[in-house]
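Chemist: Mind having a look at this structure? Questions to follow.
The values are calculated or read from the model by the stated rules, or taken from the named source; none is laboratory data. Quick caveat, the model's predicted, so the values are computed rather than measured. Reconstructed Cβ throughout: ideal geometry from the backbone, glycine too, with neighbour counts over all protein chains shown. Protein only, heavy atoms only, side chains kept; ligands, DNA and RNA dropped before computing areas. Shrake-Rupley method; radii C 1.70, N 1.55, O 1.52, S 1.80 Å.
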Amino acid sequence: MSGNDIDNKVTPLRPKRACPECGKPSTREAYPFCSIRCKQIDLNRWLSGSYAIPGREGEEEDSDEKPE
């Protein structure tokens, strides 16, 4: 039995998705990306601040006080 025969009999745990960076089919090793390269590109965008999660206006960051 070759390695390819085993892959054809295994049911994937999650459906294949397109890579969010380039659109190629994702791989198991780099899911949801198609390669380690695309994974690193995405990580670099997060670390450089290209992606940001917006907060609410007027919200203080470290406020332990409850409004009265």
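Chemist: Between Ile53 and Lys24, what is the label-point separation in nm under the 7 Å Cα-to-beta-carbon projection?
Modeler: For Lys24 paired with Ile53, the spin-label model returns 3.0 nm.
Chemist: Can you send over the solvent-accessible area of Arg17, 1.4 Å probe, protein chains only, in Å² to the nearest 10?
Modeler: 120
Chemist: Provide Glu57, Glu21, Glu29 ordered by accessible surface of protein heavy atoms (probe 1.4 Å), highest first. Don't jump to the answer; show the numbers that get you there.
Modeler: Numbers: Glu57 185, Glu21 50, Glu29 145 Å².
Ranked from most to least accessible, the order is Glu57, Glu29, Glu21.
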